[in-house]
Amino acid sequence: MKKRLIFFITACFTFSVKAQQFQTRAQKLITSEDSLRKGANSSGTVISGYGSFFYQRNFEQHQAMVTLDRAVLFVGHKFNEKISLFTELEVEHALVAGNNSDEHTSGQGDVAIEQAFLKFNLNAHHYLVAGLFTPRIGITNENHLPVNFNGVERPLVEQLIIPTTWREIGVGFYGSSDRLPLNYSIAIVNGLNSANFEHDSGIGEGEGLGSDASANNLAVTASLQYHCIDMKFQIAGYAGGTVALSPHGADSLGLNSGAFGTPLYLGEADLQYAKNGIGIKILGTYMAYPEAGKLNAAYAKNTPSGMYGAYAELGYDFLYQKHGQDQFIAFARAEMLDMNANTASNGIYDGTQKQTHIIAGVNYLPIPNIAIKADVRLLHTGPQNPALVINPAPNALPYKENTQFLNIGVGYSF
């Protein structure tokens, strides 16, 4: 048994190194940002970007909508061989109306800096980042361009449990082993603000996003990636304080302040496999918030003490054997999540937050920079908790536990 284990590890190492060497030669840098990240760009300043727009039909509500989901402009600059700058400006839903008196436009849209950081190359295998950046956690957070994932919508687990695109201000260290097919990262960033948590949107509303974020509380995030033959396996975690108040303000609400006061923990593991046109993605994540009861007493947000999510996806590129640029990928993905898997003693369980999503569709990429997508999503939730219904039937329409969506979209990157 021991000999077999040694043989397997040796084989993984040997094939992974060869695969990495092959991928390095064959990898296509499809955006100017990719070139800058890989150090392949020789010019000083580069412009890049991505965006997507889509149509969605909700069959249960007999409603349809179209939106320019996001348009992102990237500007980067290579100061020298050691230092580069990365910045992205994002506009969501095409229009930012603010307090416009027009009821059809008021409050729509969002403008945000998605990243703004400096990258310092220490050597061939290690670098530092400082500024506003996306930590390496999950599959989609770092790889959120629309040409990088199947389906019109990003995986729901990586929107509701692991926020995308999750970014904070801090300092990160990234590296890879010169002996093993292993990548690693560790970063210190500002913590979350639990006062902004919402019952039905996970921890995403508590992100700092670089906008006057509190530095009273901090967080640490880290990851390990291991490549074995045609697979990539990752584990990543996050631990940080969630109270942005001063000690006096926190004490008055019965909360624990400090760098890691009233802590939140999130861990995830994922696996990706790609060979001969077949693509597989599996991810599981869990969030623990031990002191959620204190937060509920302070803010009455009905914040859960535990959430989980998982998904598995299978895809196949029918044009793989043509060895051309175009791809036609059929895929199916199953997602399960519960945004109040564990409730505090003063919390109320909401069955609608326990969800199953089944998504099936196709992606056509005539070139690596363009994705034309269509999919159907079937949503099933648990029942409503009457204790949480403010406007019950017949004043409001009865809640339906099953909903079907049709999505059609286009994404681009350059």
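The values are calculated or read from the model by the stated rules, or taken from the named source; none is laboratory data. Quick caveat, the model's predicted, so the values are computed rather than measured. No Cβ is skipped: glycine too gets one built from the backbone with ideal geometry, and neighbour counts run over all protein chains shown. What goes into the accessible areas is simple: the full protein's heavy atoms, side chains included, and nothing from ligands, DNA or RNA. Shrake-Rupley method; radii C 1.70, N 1.55, O 1.52, S 1.80 Å.
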Give the long-range amide H neighbours of Q115: residues separated by 5 or more places, or on another chain, with amide H under 5 Å away, using H modelled in the peptide plane at 1.01 Å from N.
-> E88
Full extension between K82 and T352 adds, at 0.36 nm per residue less the Cα distance, a length in nm of 92.2 nm
Starting from the Cα-Cα distance between I370 and H126, subtract it from 0.36 nm times their residue separation and give me the gain in nm to one decimal.
-> 84.7 nm
Summed residue charge, Cβ within 15 Å of Y50's Cβ, Lys/Arg positive, Asp/Glu negative | -4
Contour minus Cα-Cα distance for D110 and A64 (0.36 nm per residue) = 14.4 nm
What percent does the relative contact order of the chain come to when contacts are Cα pairs within less than 8 Å and at least six residues apart?
-> 13
Sort the following peptides by mean Cβ neighbour count (other Cβ atoms within 10 Å, averaged over residues), highest first: 185-197, 59-71.
-> 185-197, 59-71
With every protein chain in place, what's the accessible area of D270 (1.4 Å probe, Å², nearest 10)?
-> 10
Collect residues whose amide H, placed 1.01 Å from N in the peptide plane, falls under 5 Å from the amide H of C228; neighbours closer than 5 in sequence don't count.
-> F233
Output ³J(HN,Hα) for the range 339-344: one whole-Hz value per residue in order, computed from phi by the Karplus curve 6.51 cos²θ - 1.76 cosθ + 1.60 with θ = phi - 60°, and x for Gly and Pro.
-> 7, 9, 4, 10, 10, 5
